[in-house]
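These notes concern the structure reproduced below.
None of the figures in this text is laboratory data; all of them are computed from the coordinates on show. Source: prediction; values computed, not measured. Virtual Cβ from ideal backbone geometry, glycine too; neighbours counted across all protein chains shown.
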Amino acid sequence: MRIYLDNCCYNRPYDDLSQLTVSLEAQAKLFIQNKIKNGEYELATSEILRYEVANCPAEIRRAVINDFIEKHSSVHVGSGSTPKVREMAREIMETGVKYKDACHVASAIIAECDYLISTDKRLLKYKSDKIRLVNPIEFVGEMEG
C-alpha cells in the first residue's frame, strides 16, 4: 500500500501535545512512520512537500523530516511532473482547497497513493474517488482495526 503524508502530518509531533487530539495524532503519525521504516507501507513524496519542509524555520525539525523522507521514500513526484501537478491542482482548487494543499493531493494521486494522510481539517473535507484522505488516527484505525 502506498501512502503520502503532507507537511502538517510530518510536523504534528512537534505541535503542542497538551491537547488530546493533537497528542493522539502525533502518536498515530509516529506509529505510521515505524510501519514505513519496516517496509509495511510504501512512502510517496513530492516537490511541494520538499519545498514546504525546506521552508521550515526550525533547523532540527527540517533536518529530521528531510532525513526520514530521503531514507524511506520509494516514490517521488518530481519537478518533471510539475505541469501535471499544477493542472490537477487547479481543478482541486475549484472545490475550495488551497493551492499547496491541492498540490499535495495532486502529487499523491499522480504517485498512485491509496491514502493521503493529513492533520489539516480543512483539507480532509476534500473528497475524491482517486484517493482517500484521512487523519493519522483514522488511518491507523482502518489498518489495525
*Assign unit charges at the C-beta atoms only (+1 for Lys and Arg, -1 for Asp and Glu), then state the dipole size of the chain relative to its Cα centre in Debye, rounded to the nearest 20.*
220 debye
*If we sort 18-24, 119-125, 90-96 on the protection proxy, mean other Cβ atoms within 10 Å, highest first, what's the order?*
119-125, 90-96, 18-24
*Here are some pairs, Lys100/Lys121; Lys29/Lys71; Lys37/Lys125; Lys35/Lys121; Lys35/Lys100; Lys37/Lys71; which of them have Cα atoms lying more than 20 Å apart in this structure?*
Lys37/Lys125; Lys35/Lys121; Lys35/Lys100
*Applying 1/(1 + (r/R0)^6) with R0 = 25 Å to the Cβ-Cβ distance of Tyr14 and Glu87, what FRET efficiency is obtained, to the nearest 0.05?*
0.15
*Between the stretch 16-56 and the stretch 91-107, how many Å separate their Cα centres?*
20 Å
_Cα pair count fraction exceeding 24 Å, expressed as % - the chain_ = 25 percent
*How much FRET efficiency would the formula 1/(1 + (r/R0)^6) give for Arg122 and Ser74, where r is the Cβ-Cβ distance and R0 is 41 Å, rounded to 0.05?*
0.90
_Give the aspartates and glutamates reachable from Lys130 as a straight Cα distance under 12 Å; neighbours fewer than 8 places away on the same chain don't count._
Glu112, Asp114
